[in-house]
Amino acid sequence: MLEVGMKAPDFTLSDKDGREVSLSDFLGKRVVLYFYPKDNTPGCTRQACAFADAYKGFGEKNVEVIGISKDSVASHKKFAEKFNLPFVLLSDPNLAAINAYGVWQEKKMCGKVSMGVVRTTFIIDENGNIAEIMPKVKPDTNASEILAKL
């Protein structure tokens with residue numbers, strides 16, 4: 001179980017253009033790392049668009065935004081283009097980062113139990129340590145709440 005103050009697990013995943021991106025590439029910057037269930041679903045789209053709307057504010061605070069789901073590189077590319085998402089989207093089909101951050105969990109919906117990504121956001125400091133963990137965030141307010149905290 002990850003806790004505030006721990007070193008954030010490093011990872012290397014492909015972005016929407018197929019380029020490899022590692023968390024360690026962002027040392028020296030704060031990072032908002034958010035995990036979400038699926039591209040082009042209502043909640044995930046609202047969350048992504050809220051981060052896009054707030055992106056300039058994050059940039060002014062020298063904060064990078066990274067979204068991760070298990071969707072493919074091609075899915076991320078279409079999602080980013082459709083909604084003009086200016087931040088990094090990473091594809092994690094093998095659940096490497098998703099498992100490392102403990103966000104692959106049992107979910108219950110309409111009485112049905114399944115495994116999936118629980119919408120969770122981590123704030124990582126300039127040294128690569130976890131500064132904050134926000135479990136089960138609300139898609140519509142996640143970006144603005146983080147921006148207010150920073």
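The values are calculated or read from the model by the stated rules, or taken from the named source; none is laboratory data. Nothing here was measured: the structure is a model prediction, and the numbers come from that model. For neighbour counting, all protein chains shown are included, and Cβ atoms are generated from backbone atoms with ideal geometry for every residue, glycine included.
For the condition touching a residue at least 60 places away in the same chain (Cβ under 8 Å), hydrophobic (A, V, I, L, M, F, W, C) and closer than 16 Å to residue 121 by Cα, what is the one hit in 87, 35?
35
Suppose we keep only residues that are touching an Asp or Glu at 6+ places or on another chain (Cβ under 9 Å) and surrounded by 14 or more Cβ atoms within 10 Å (Cβ to Cβ) within the range 98-115. Which one would you say is farthest from residue 143 (Cα to Cα)?
Among them, the one singled out is 100.
Here is a yes/no grid of residues against (1) under 15 Å from the mean Cα position of the chain (by Cα); (2) under 21 Å from residue 23 (Cβ atoms); (3) polar (S, T, N, Q):
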| position | (1), (2), (3) |
| --- | --- |
| 38 | yes, no, no |
| 49 | yes, no, no |
| 60 | no, no, no |
| 64 | yes, yes, no |
| 70 | yes, yes, no |
| 84 | no, no, yes |
| 87 | yes, yes, no |
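Can you find even one residue in the range 44-60 that is more than 22 Å from residue 143 (Cβ to Cβ) and in contact (Cβ under 8 Å) with a residue 12 or more places away in the chain?
No.
A quick yes/no check of all residues on (1) in contact (Cβ under 8 Å) with a residue 12 or more places away in the chain; (2) touching a Gly at 6+ places or on another chain (Cβ under 7 Å); (3) not in a strand (DSSP E or B):
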{"position": "75", "(1), (2), (3)": "yes, no, yes"}
{"position": "80", "(1), (2), (3)": "yes, no, yes"}
{"position": "98", "(1), (2), (3)": "yes, no, yes"}
{"position": "115", "(1), (2), (3)": "no, no, no"}
{"position": "122", "(1), (2), (3)": "yes, no, no"}
{"position": "130", "(1), (2), (3)": "yes, yes, no"}
{"position": "133", "(1), (2), (3)": "yes, no, no"}
{"position": "147", "(1), (2), (3)": "yes, yes, yes"}
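Identify, by number, the condition in (1) modelled with pLDDT of 95 or more; (2) closer than 22 Å to residue 116 by Cα; (3) touching a helix residue (DSSP H, G or I) at 6+ places or on another chain (Cβ under 7 Å) that residue 16 doesn't meet.
Tallying (1) modelled with pLDDT of 95 or more; (2) closer than 22 Å to residue 116 by Cα; (3) touching a helix residue (DSSP H, G or I) at 6+ places or on another chain (Cβ under 7 Å), residue 16 fails exactly one: (1).
Residue pairs, Cβ under 8 Å, 6 or more apart or interchain, first in the range 1-27 and closer than 15 Å to residue 127 by Cβ, second modelled with pLDDT of 95 or more and among the aromatic types (Phe, Trp, Tyr). List them.
8/122; 9/101; 23/11
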